[in-house]
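Undergrad: Okay, here's the structure, questions in a sec.
The values are calculated or read from the model by the stated rules, or taken from the named source; none is laboratory data. Small disclaimer: the values here were computed from a predicted structure and weren't measured. Glycine also receives a Cβ, built like all others from the backbone with ideal geometry; neighbour counts cover every protein chain displayed. Heads up: the accessible areas ignore ligands, DNA and RNA and are worked out on the full protein's heavy atoms, side chains in. Shrake-Rupley method; radii C 1.70, N 1.55, O 1.52, S 1.80 Å.
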Amino acid sequence: MADPDQQRKGRQDAIDDGDLIEITRMGRDIGIMYPLAVSARAAEIMVPFPNIPQETVTENLWDILHAFRDKASTTTEEEFEFQASIYLNGLVPTLTFKATVSPGDDGEPVITIMLPDENWETIGGGCRHHAYSDRMLTVDDVASTLNFTPGRIREFIREERIPAVKCGGSWRIRRSELERIMNEGF
């Protein structure tokens, strides 16, 4: 039987295949520093009819990115839904999207914006180089596992005793880093 991690599509593969559309540069323009992609299905919603003017597509994407950033700044969840109002053929409905912060192909945090019924793993969230178990953990997850307070874990992060990255306003620690600490100590 084949290894499921080997069958899972990598993020770069999904971008190359057109299942994900890389929008990192646009995200950086509004302060989102992590690699960012939108699913092809979510992108299709932004282009409701053929020959839509590029500026309308760009405005829709800006509106979605601003709505994402606003929601990300108020949540610590790795996956969350948010709403954005976008122009669709003369109407401006409020639509629901889903975002996830997950490990990329090399274990780095990446953001994927998709439709609520989509699953990031099936559209390019699977890492071939790192096991899925190397997901990003919250400070609370690490504190509870190591039997420390969340405040003490944040101190360890500031002291660079625990490598961490800031995602959506909160710190994230790789599961593999937690396992290393549990096996080897700080």
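Undergrad: Suppose we filter region 87-108 for residues that are under 19 Å from THR76 (Cα atoms) and open to solvent by 10 Å² or more (accessible area, probe 1.4 Å); how many remain?
TA: Adding up the residues that qualify gives 5.
Undergrad: Now for a different question. If we keep just the residues of region 97-142 that are within 23 Å of ARG25 (Cβ to Cβ) and assigned to a helix (DSSP H, G or I), which is modelled with the highest pLDDT?
TA: ILE123
Undergrad: Among residues belonging to region 163-186 that are closer than 26 Å to ARG69 by Cβ and in contact with a Phe, Trp or Tyr (Cβ under 9 Å, 6 or more places away or on another chain), point out the one that is modelled with the highest pLDDT.
TA: Here the residue is ALA164.
Undergrad: Is it the case that region 58-71 has a residue that's among the β-branched types (Val, Ile, Thr), open to solvent by less than 20 Å² (accessible area, probe 1.4 Å) and either modelled with pLDDT under 85 or touching a Ser or Thr at 6+ places or on another chain (Cβ under 6 Å) (or both)?
TA: No, every residue in region 58-71 fails to be among the β-branched types (Val, Ile, Thr), open to solvent by less than 20 Å² (accessible area, probe 1.4 Å) and either modelled with pLDDT under 85 or touching a Ser or Thr at 6+ places or on another chain (Cβ under 6 Å) (or both).
Undergrad: State whether the residues of region 46-56 include one that is open to solvent by less than 60 Å² (accessible area, probe 1.4 Å), touching a strand residue (DSSP E or B) at 6+ places or on another chain (Cβ under 9 Å) and modelled with pLDDT of 75 or more.
TA: Looking through region 46-56, none of the residues is open to solvent by less than 60 Å² (accessible area, probe 1.4 Å), touching a strand residue (DSSP E or B) at 6+ places or on another chain (Cβ under 9 Å) and modelled with pLDDT of 75 or more.
Undergrad: Please count how many residues of region 84-104 are within 13 Å of TYR34 (Cα to Cα) and touching a residue at least 40 places away in the same chain (Cβ under 8 Å).
TA: Number satisfying all stated conditions: 3.
Undergrad: Among the residues of region 72-86, how many are under 29 Å from ASP13 (Cα atoms), touching a Ser or Thr at 6+ places or on another chain (Cβ under 8 Å) and open to solvent by 30 Å² or more (accessible area, probe 1.4 Å)?
TA: Looking only at that region, the number is 5.
Undergrad: Residues in region 1-40 that are among the basic types (Lys, Arg), part of a helix (DSSP H, G or I) and modelled with pLDDT under 85: how many?
TA: Filtering region 1-40 for residues among the basic types (Lys, Arg) gives 8-9, 11, 25, 28.
Those still in the list that are part of a helix (DSSP H, G or I) too: 11, 25, 28.
Narrowing further to those that are modelled with pLDDT under 85: 11.
Total satisfying the criteria: 1.
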